[in-house]
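Working notes for the structure below.
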Amino acid sequence: MWIESRIRYKRVRFASVFLPLDCIAHLTPLLHRHSQITVSLTLSVGTSQMASALLSFPSVSPSAASSLQDKCKGKMKSGSSFPSAFFGKEKRPLSMKTKSNGRITMAVAVNASRFDNITMAPPDPILGVSEAFKADTDEMKLNLGVGAYRTEELQPYVLKVVRKAENLMLERGENKEYLPIEGLAAFNKATAELLFGADNPVIHEQRVATIQGLSGTGSLRIAAALIERYFPGAKVLISSPTWGNHKNIFNDARVPWSEYRYYDPKTVGLDFDGMIADIKAAPEGSFVLLHGCAHNPTGIDPTPEQWEKIADVIQEKNHIPFFDVAYQGFASGSLDQDASSVRLFAARGMELFVAQSYSKNLGLYAERIGAINVLCSSADAAVRVKSQMKRIARPMYSNPPVHGARIVANVVGNPDFFNEWKEEMEMMAGRIKSVRQKLYNNLCAKDKSGKDWSFVLKQIGMFSFTGLNKAQSDNMTDKWHIYMTKDGRISLAGLSAAKCEYLADAIIDSYHNVS
Ligand code: KET
């Protein structure tokens, strides 16, 4: 018996052949291996032979078989049937259609998935590093990938003041009702005041539209959606390099972006002239994404004088500054000092965006607490902007989580807690500074090549941008079990004093012995 077989791959028919029935049986294992292949059989034979043909497909489900029987009713010769014993246990979709000439066509889709065109995504360049670290069993392993603070024992740290605020919340027995779309009012007030300063006129004039966001990332994403909706075609200028997720955020929001020069590998410092030239050259009315403090990944910030000049050119070009403030208080140890860049722009009467995060400075990484603030030129504009941000948030995640918002509101709202927080922040920033110094001392003492390692001390914040290239960074991981991002960034927040010497050895080896 010959059977017309149409073989399809990913819905495209690429073969139509007549095969002997025996051959169909040989096809079955192939179909199992290549689950995307669909074979349609057109049988121009009696139903008993058809039953035999179905035998070749042990994966056809009994329910599908009986539905086939139903559909065949009246179209097949009497006495024919499809015993369910013919069909195996595995469930496979089966459909068939009849043709007027009495030929019966079966399409047997063997485990064909609708997701066949979805390829494997690459691991995340930052969070993927933690996954690889977990899988390493070497006892010297060190995770300097993600920017997350660790104790000297390299353990995650929950701030004492956070524990106190949480205990207070437990005592009060607060409920779990939905928050409004814009988040917790006490949090929104506290976060805008922390950013601009409680006595800043922009607060009293109610010119800041603030909504609680899903930490820094979610807040940036809301702003990106607002730009896409209300500034169609406007470009976002992003520093080169920048935090690995910025481009993803704007890509997903379909906001075009381009880069401005920022880091100069020759001086291991700021390419200030390049930065200014690129901001000047951008189309008028672009958004300029700026790291409020502790630039990630370089650890290089403009000086106060340079900030003034950046503000000048942004104003000149009618651009809109868009600050990402993920490290307020963590860079210098002072909340006010780390907000000075944003305040400088606000004092010029500029309209601007600021995304805030409490992941690092309050150690609330997993609580996903942050905010998006839009400073407008009038209270009326702020009300309208806020209403539109709520409109964006509602279908995205409806309303934000309450726990982290209450922690922030309680810590900032209670003067004792607030002072304790500042002390703990200074302690964390201080520990990072001390391992930075120790790493530098070790690099200088151990490396006899005369290389200038002083950039390690000049950089600020959680990270050091080592200048190691991808091959050298791979060596750090493969040979020394030190996990870091492939752009050469190391998180000093994940380094202990005890591991500084080991890290220095690894950097020196990678720098000199790998090119
Ligand atoms: N902005 C910057 C500059 C930043 O470094 C981070 C996080 C965020 C925003 C967002 O953090 P969130 O937890 O959404 O509030 N950076 C670290 C973690 C990460 O990549 O998600 C990091 O660079 O390691």
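Brief remarks on what is shown
- Condition check for K280: part of a loop (DSSP other than H, G, I, E, B) and surrounded by fewer than 22 Cβ atoms within 10 Å (Cβ to Cβ): no
- Of all residues in region 109-129, those that are in a loop (DSSP other than H, G, I, E, B) and within 16 Å of the ligand (Cβ to nearest atom) have Cβ atoms under 9 Å from Cβ atoms of residues that are at pLDDT 90 or above and charged (D, E, K, R), 6 or more apart or on another chain, in P123/E131; D124/E131; P125/K486; P125/D487; I126/R489.
- In region 223-275, the residues that are under 26 Å from Q388 (Cβ atoms), charged (D, E, K, R) and in a helix (DSSP H, G or I): E228, R229, K247, D252
- Restricted to region 398-481, the set of helices (runs of 4 or more DSSP H) holding at least 3 residues that are touching a Leu at 6+ places or on another chain (Cβ under 8 Å) and touching a residue at least 40 places away in the same chain (Cβ under 8 Å) comprises 403-413, 415-446.
- Single unsatisfied condition, P321 versus (1) buried (at least 23 other Cβ atoms within 10 Å of the Cβ); (2) assigned to a loop (DSSP other than H, G, I, E, B): (2)
- Given (1) more than 16 Å from the ligand (Cβ to nearest atom); (2) part of a loop (DSSP other than H, G, I, E, B), number of the condition I300 does not satisfy: (1)
- Taken across region 365-376, residues that are more than 16 Å from the ligand (Cβ to nearest atom), touching a Leu at 6+ places or on another chain (Cβ under 8 Å), of a type outside the set (K, R) and in contact (Cβ under 8 Å) with a residue 60 or more places away in the chain do occur, with at least one present.
- Residue count, region 457-505 (criterion: closer than 14 Å to L443 by Cα and crowded, with 23+ Cβ neighbours inside 10 Å): 3
- Count of region 124-152 residues which are exposed (fewer than 12 other Cβ atoms within 10 Å of the Cβ) and more than 26 Å from H403 (Cβ to Cβ): 5
- Tally of residues being among the acidic types (D, E) and buried (at least 17 other Cβ atoms within 10 Å of the Cβ) across region 184-241: 1
- With respect to the conditions (1) surrounded by fewer than 24 Cβ atoms within 10 Å (Cβ to Cβ); (2) over 24 Å from the mean Cα position of the chain (by Cα); (3) closer than 21 Å to L289 by Cβ, S387 lacks only one, and its number is (3).
- Region 136-161 residues that are touching a residue at least 40 places away in the same chain (Cβ under 8 Å) and within 22 Å of Y358 (Cβ to Cβ), paired with ones that are assigned to a loop (DSSP other than H, G, I, E, B) and charged (D, E, K, R) (beta carbon under 8 Å, 6 or more apart): G147/K360; A148/K360; Y149/K360
The values are calculated or read from the model by the stated rules, or taken from the named source; none is laboratory data. Computed from a predicted model, the values in this text were never measured in an experiment. Methodologically, a virtual Cβ is constructed for each residue, glycine included, from the backbone with ideal geometry; neighbour enumeration extends over all protein chains shown.
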